[in-house]
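Q: Dropping the structure in here first, questions after.
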Amino acid sequence: MSVSRGEVESSIAHREMHPETDADPGRPPERVTGRAFLLGLITIGCMCLLSENYGRGLVRSNMPVPALLMFMLWFGIYLLLKLTVPRLALSRTELLTIFGMTWLVGTLPGLGVVGNLMIRVTGPAYFSTPEDRFWEVVGLYLPRFLLFDQGNPAVAAYYLGLRPGEAIVWREWFFRLYWWFVGLSSLALAGFFACVIFYKQWADKERLVFPLATFPVELLKESVGKRLPDVLRNGVFWAGFAFTFGILAWNVARYFILDLPRITLFDHETFKNITLARDFPPLNVRVHPFIIGLAYHAPLNILFNIWFFYVLNILKIGLMNVTGFSVGLEGQPAAPRDIMTLESHGALVVLVIWSVWIARDHLRETFQKAFYFRRNEDDGAPVTYRTAYLGFVCASIFLLGWLISTGFSLPFALLQMALLFVIYFGTAKYLAATGFIALRVPGNKGAVILRSIIGIRNLSPSNLVGVKMVDISGFAGTTSRMLSIPGIPHLFRMLGTALKRHPLISLALPAALITGFTVQCWAHLDLSHREGGMNVAFTGMRMLDLVSQIGGSSQSAFDIQKLLVWIVGAAEACLFTFLGTRFTGWPIHPVGLAFPTYYGFSVFLVWLPKIIILRLGGVLLYRRSVPFFYGMIVGYLVGILYAAAVDIIFFPSVRGYGTFHGLPHYD
């Protein structure tokens, strides 16, 4: 048996709990329309403009909150039209199309891709000084088509603002941002074609649950003859809504009544740490409504392993700190957290290899449909498997060329591409399996792994610069808030029976990327040039470590001890996977090892009530409890919108942007 019995049984059980909602009896089939496509692009533009000016801190996970907030606004419009002028209301598939398109680029605004990209493009030119020797040591190896040179007046105007009569030098910005867009869009398109190839394996054969796609689909589900969605006529939903919205509304009331005590249940993780013992990492006990609400559909064994490994990692790091345990050659020891990163990354690589291995029959079948005697059976969607395979190869070749142009040699460019595949494939699949929006790949995009194991002295200066260019948040996001790829299979899932070969579905990603990147760059540059980037943009010199790496003061060699730690992590994942395929009910799944998290307590708060509900009332009670968690999510989102509206109306910022009190959300 090639797939874990526990995984299969858990997934099948969840699919039984949540029967397909693609089509309702008696309801005509729906499709993706040009109206939805156009409204999706308009919504993306509005999302970028509003996020840049009023919600820059909302982009912190693989389920971008700005996209969810826009979905809530459309959901409100949908309900209003259904009650007043039903013939003007969008269909459910149209609403899901709009939401899916905004999700694909929801990590662009604010703290996401574009804001971090700008500091990389301008930082070396503005913040470097003769004393740090950056241009003297690193300047020779920098890809000048991606970064500004010292002394470029466009950089000073960006950070200090425009003087009267001056204008933005768009030509200087367009040239550099265009080439960044080429790199990140080639990666996103490669991910799109890979998702087309693997989607039916994940959805039909491995039967992943897709909790993040289930939420909007179920929220829009209606019984025949009813005007309102079923969930809105459920009192359990409104109990969950009142719980989260009530807390946020209470805190908003403090804007006017200063003596009211603040309810801190949902506050930032920084204020929710409990010190267990000296030298042990703190236990974070933050209650995160999104994690709790969206992960409720995840299989129990997955939820258990996420919080179990969270606690285990605290103990491991603490014991290593107490005992002084470290690995690494003399002069280049790895700290406890670095050891955990190496172990987790090894486990992640095994999970990805295993996922591809169990899909071998599906890959063989789709390849035959694409290129051999089964061409007439090609059922790939939204493009044929032939197009998907050829598109994946072409996009990968384009990405390879971009990586080489940034400084990579061919062997290291291929290695970096392999690391990117592991990171994005692993996140896309296990986000679909868990619904855990705080999935975070250890080791970023491979820079930590390359420097730790291979060693800095075995990487040429150009390779070190190339690694830095890829590892930054501006290149398709960080590993905790990735651009586009994790959302693609969820878009396919939400479309359901409407997922067909349709040019609008195929064009959704490139059109969303072009629109989102263009509008977000314009909004960010316009605000920074008006107000001064030093006031509104990310600042600082974040590439100075290249000076010591290239200059020779921070040179590390190939480290066999760190490689052994990585191998131990891979071996652990192999062992847990093997045991899961041999013993029904084996409890340990390597997903918790591969994706370490800070939000184990919130996952525990999902796992505990879910297991109690299933033990006491079975599937029936579980189904009745689901609307409560949907209500938590909707109440939290509406609370954020309510807080923003109150702040903007009653406490307008004197700066012309931002909110006075800040939005009550932190991922």
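The values are calculated or read from the model by the stated rules, or taken from the named source; none is laboratory data. All figures in this text were calculated on a predicted structure; none of them were measured in a lab. No Cβ is skipped: glycine too gets one built from the backbone with ideal geometry, and neighbour counts run over all protein chains shown. Surface areas here come from the heavy atoms of the whole protein model, side chains and all, with no ligands, DNA or RNA. Shrake-Rupley method; radii C 1.70, N 1.55, O 1.52, S 1.80 Å.
Q: Taking the residues in segment 360-391 that are over 19 Å from Ile488 (Cβ atoms) and of a type in the set (Phe, Trp, Tyr) as candidates, determine which candidate is modelled with the highest pLDDT.
A: Phe367
Q: Please work out which one of (1) modelled with pLDDT under 85; (2) out of contact with any helix residue (DSSP H, G or I) (no Cβ under 9 Å at 6 or more places or on another chain); (3) surrounded by fewer than 20 Cβ atoms within 10 Å (Cβ to Cβ) is the condition Arg60 fails and give its number.
A: Condition (3) is where Arg60 drops out.
Q: I'd like the full set of residues that are out of contact with any Gly (no Cβ under 7 Å at 6 or more places or on another chain) and at negative phi, limited to segment 472-482. Spell out the reasoning first.
A: Taking segment 472-482 as the starting set, the residues that turn out to be out of contact with any Gly (no Cβ under 7 Å at 6 or more places or on another chain) are 472-474, 476, 478-480, 482.
Passing the criteria: Ile472, Ser473, Gly474, Thr478, Thr479, Ser480, Met482.
Q: Now, a different point. Does Ile292 satisfy the condition of being of a type in the set (Val, Ile, Thr) and either on the phi > 0 side of the Ramachandran plot or under 28 Å from the mean Cα position of the chain (by Cα) (or both)?
A: yes
Q: Here's another thing I want to ask about it. Tell me whether segment 405-421 contains one or more residues that are assigned to a helix (DSSP H, G or I) and among the aromatic types (Phe, Trp, Tyr).
A: yes
Q: Let me ask something else. When you check Ile339 against the structure, is it assigned to a helix (DSSP H, G or I) and in contact with a strand residue (DSSP E or B) (Cβ under 9 Å, 6 or more places away or on another chain), yes or no?
A: It is true that Ile339 is assigned to a helix (DSSP H, G or I) and in contact with a strand residue (DSSP E or B) (Cβ under 9 Å, 6 or more places away or on another chain).
Q: Do you know which residues across segment 261-310 are loosely packed, with under 15 Cβ neighbours inside 10 Å and assigned to a helix (DSSP H, G or I)?
A: Across segment 261-310, the qualifying residues are Thr270, Phe271.
Q: Does segment 521-528 contain any residue that is closer than 23 Å to Arg451 by Cβ, in contact (Cβ under 8 Å) with a residue 12 or more places away in the chain, under 27 Å from the mean Cα position of the chain (by Cα) and surrounded by 17 or more Cβ atoms within 10 Å (Cβ to Cβ)? I'd like the intermediate steps shown before the answer.
A: Residues of segment 521-528 that are closer than 23 Å to Arg451 by Cβ, as a first pass: none.
The answer is no, given that none of the residues of segment 521-528 is closer than 23 Å to Arg451 by Cβ, in contact (Cβ under 8 Å) with a residue 12 or more places away in the chain, under 27 Å from the mean Cα position of the chain (by Cα) and surrounded by 17 or more Cβ atoms within 10 Å (Cβ to Cβ).
Q: Which one is farthest from Asp559 (Cα to Cα), of the residues in segment 456-477 that are of a type in the set (Ser, Thr, Tyr) and surrounded by fewer than 23 Cβ atoms within 10 Å (Cβ to Cβ)?
A: Among residues in segment 456-477 that are of a type in the set (Ser, Thr, Tyr) and surrounded by fewer than 23 Cβ atoms within 10 Å (Cβ to Cβ), the one farthest from Asp559 (Cα to Cα) is Ser462.
Q: Now for a separate question. Which of the residues that make up segment 240-260 are open to solvent by less than 60 Å² (accessible area, probe 1.4 Å), more than 19 Å from Leu637 (Cβ to Cβ) and touching a Lys or Arg at 6+ places or on another chain (Cβ under 9 Å)?
A: Leu260
Q: Please find, within segment 311-332, the residue that is most open to solvent (accessible area, probe 1.4 Å) out of those that are part of a helix (DSSP H, G or I) and among the β-branched types (Val, Ile, Thr). I'd like the intermediate steps shown before the answer.
A: Within segment 311-332, the subset part of a helix (DSSP H, G or I) is 311-323.
Now narrow it down to the ones that are among the β-branched types (Val, Ile, Thr): 311, 314, 317, 322-323.
On the way: Val311: 60, Ile314: 12, Ile317: 14, Val322: 86, Thr323: 102 Å².
Here the answer is Thr323.
Q: Could I ask something else about it? Could you give me the residue pairs with C-beta distances under 7 Å whose first residue belongs to segment 496-511 and is over 16 Å from Leu96 (Cα atoms), whose second residue is outside any helix (DSSP H, G or I) and open to solvent by less than 30 Å² (accessible area, probe 1.4 Å) wherever it lies, and which are 6+ apart or on separate chains?
A: As it stands, the answer is Arg501/Ala381; Arg501/Pro382; Arg501/Val383, since those pairs meet every condition given.
Q: Shifting gears a bit: Do you know which residues across segment 422-449 are open to solvent by less than 10 Å² (accessible area, probe 1.4 Å), within 16 Å of Gln549 (Cβ to Cβ) and part of a helix (DSSP H, G or I)?
A: Ala447 - this is the single residue of segment 422-449 that is open to solvent by less than 10 Å² (accessible area, probe 1.4 Å), within 16 Å of Gln549 (Cβ to Cβ) and part of a helix (DSSP H, G or I).
Q: Here is a follow-up. Considering only residues that are open to solvent by less than 50 Å² (accessible area, probe 1.4 Å) and outside any loop (DSSP other than H, G, I, E, B), which ones fall in segment 130-155?
A: Asp132, Phe134, Trp135, Val137, Gly139, Ala154, Val155
Q: Going by what's in this entry, would Ser91 be described as farther than 24 Å from Pro229 by Cβ and either surrounded by 19 or more Cβ atoms within 10 Å (Cβ to Cβ) or of a type outside the set (Gly, Ala, Ser) (or both)? It would help to see each step written out before you state the result.
A: Numbers: farther than 24 Å from Pro229 by Cβ: no; either surrounded by 19 or more Cβ atoms within 10 Å (Cβ to Cβ) or of a type outside the set (Gly, Ala, Ser) (or both): yes.
Judged against the criteria, Ser91 is not a match.
Q: Out of the residues in segment 210-239 meeting the condition of being open to solvent by less than 10 Å² (accessible area, probe 1.4 Å), touching a Pro at 6+ places or on another chain (Cβ under 9 Å) and not in a helix (DSSP H, G or I), tell me which one is farthest from Gly380 (Cα to Cα).
A: Across segment 210-239, the extreme among qualifying residues is Glu222.
Q: I've got another one for you. Any residue in segment 231-255 that's without any contact (Cβ under 8 Å) to a residue 60 or more places away in the chain and closer than 17 Å to Phe266 by Cβ: show its pairings with residues that are among the basic types (Lys, Arg) and open to solvent by 30 Å² or more (accessible area, probe 1.4 Å) at Cβ separation under 7 Å, as long as the two are six or more apart or on different chains.
A: So the pair list comes out as Arg254/Arg262.
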